[in-house]
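The values are calculated or read from the model by the stated rules, or taken from the named source; none is laboratory data. Predicted, not measured: the structure shown is a model, and the values here were computed from it. All Cβ positions, glycine included, derive from the backbone under ideal geometry; neighbour counts span all protein chains shown. Heads up: the accessible areas ignore ligands, DNA and RNA and are worked out on the full protein's heavy atoms, side chains in. Shrake-Rupley method; radii C 1.70, N 1.55, O 1.52, S 1.80 Å.
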Amino acid sequence: MSTESRLKVFAGSANRALATEICEHLEIEPGRLSLTRFSDGEIHLQINENVRGTDVFVVQPTCTPVDQHIIELVLMLDALRRASAKRITAVLPYYGYSRQDRKDRPRVPISAKAVGNLLVATGVDRLLTLDLHANQIQGFFDIPVDHLYGRPVLVDYIRELELPNVTIVSPDAGGVERARALAKRLKAPLAIIDKRRDRPGVSEVMHVIGGVQDRSCVIIDDLVDTAGTIVNAAKALLQAGAEGVYAVATHAVLSGPAVDRIKASALRELAVTNSIPLSEAARASGRIRQLSVARLLAEGIRSIHSESSISMLFE
């Protein structure tokens, strides 16, 4: 069997466009499978080609509807294991439940760990993922985890904007490390939003730490969900004298009122990657730009398959 035929990439229904683009970079055809549903909603899945002895990668971000896409992933992994694939790598451009990474209240699950346990129990051999909400999630696994960052794609976007006097802004204290890494790459100063959250999904900006007067500010976060955080941050930055505000994020969750909030906000543009497909409303908003991480993930897959170093992709 040739090297090319030993590498196969399959995709569930979560983001087939991204999987197809990854396959184009790898110069292979996407793996063939059928995925249908019974009348009661149960998933019926079948792999439609021989995978015995192959190195298989399954591309499936666990985005909305999260639970449906997790079950699809589990069934694909199980089918491939039973079909005697030599090695199975789950490629999760977006890891659902990653925000629930610790026991911060009585009688709550550590959901990120529970999902990881489910994938490992199903038979996955390794994980390739992108911008986890918390780096320590890698430690939830006893299998190899390759954790890539969307930073190179975001850096290229910011440089293309050619903004004068750029300041990188963390929207909260938890994102300082991420913002500092981006600021270092761009040789730009750093500012921080002091934010207090009273309950999940609701945030209140308190004040800005750092000089943003007459600066072009770029807010960076790992994901945008309801968009309350970045919209409030943009308002606070303008009140503090910023010349203009942009935002970048890897994962465009964009649930609930997110798109409407962004359209009505002071943000000039929000740039996100295609780790999660955009809704029709987001694409039509005119304020949200999508950047591709297909090449980055394809290089990760190629390095894993060839057993070569993947460290250069971390930069």
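Some observations on this one:
- Descending principal axes extents, the chain, alpha-carbon based, whole Å: 61, 42, 37
- Value at 222 nm in deg cm²/dmol, rounded to 500, when DSSP H runs of n ≥ 4 in the chain each add -39,500 (n - 2.57): -9500 deg cm²/dmol
- Square roots of five times the Cα gyration tensor eigenvalues for segment 21-94, Å: 20, 16, 12
- Computed on the Cα trace of segment 57-197, the radius of gyration divided by the Kirkwood hydrodynamic radius gives Rg/Rh = 1.05.
- For segment 223-315, the extents of the C-alpha atoms along the principal axes are 50, 31, 18 Å, listed from largest to smallest.
- Most simply put, segment 70-215 has about 35% antiparallel DSSP beta bridges, counting only bridges with both residues inside it.
- Segment 12-55: C-alpha pair distances exceeding 14 Å, %: 62
- Computed from Cα atoms alone, the Kirkwood hydrodynamic radius reported for segment 66-116 is 12.6 Å.
- Neighbour net charge for Val224 - beta-carbon separation under 14 angstrom, K R +1, D E -1: -1
- Magnitude of the charge dipole for the chain, about its Cα centre and with charges confined to Cβ atoms of Lys, Arg (+1) and Asp, Glu (-1), is about 500 debye.
- Label-point separation in nm, Ala17 to Leu190, each point 7 Å along Cα→Cβ: 3.4
- Lysine pair count for the chain with Cα-Cα distance under 21 Å and sequence separation of 8 or more or different chains is 4.
- Rg to Rh quotient for segment 1-138, alpha carbon positions, Kirkwood Rh: 0.98
- Around Gly286: net Lys/Arg minus Asp/Glu count, Cβ-Cβ under 10 Å: +3
- Ratio of the Cα radius of gyration of segment 139-273 to 2.2 N^0.38 Å, where N counts its residues: 1.03
- Lys103, Lys184, ranked by accessible area, largest first (probe 1.4 Å): Lys184, Lys103
- Computed accessible area, Glu299, all protein chains, 1.4 angstrom probe, square angstrom: 60
- Separation of the Glu29 and Ser255 label points, Cα + 7 Å toward Cβ, nm: 3.8
- Packing-based order for 52-65, 273-286, using average beta carbon neighbours within 10 Å, highest first: 52-65, 273-286
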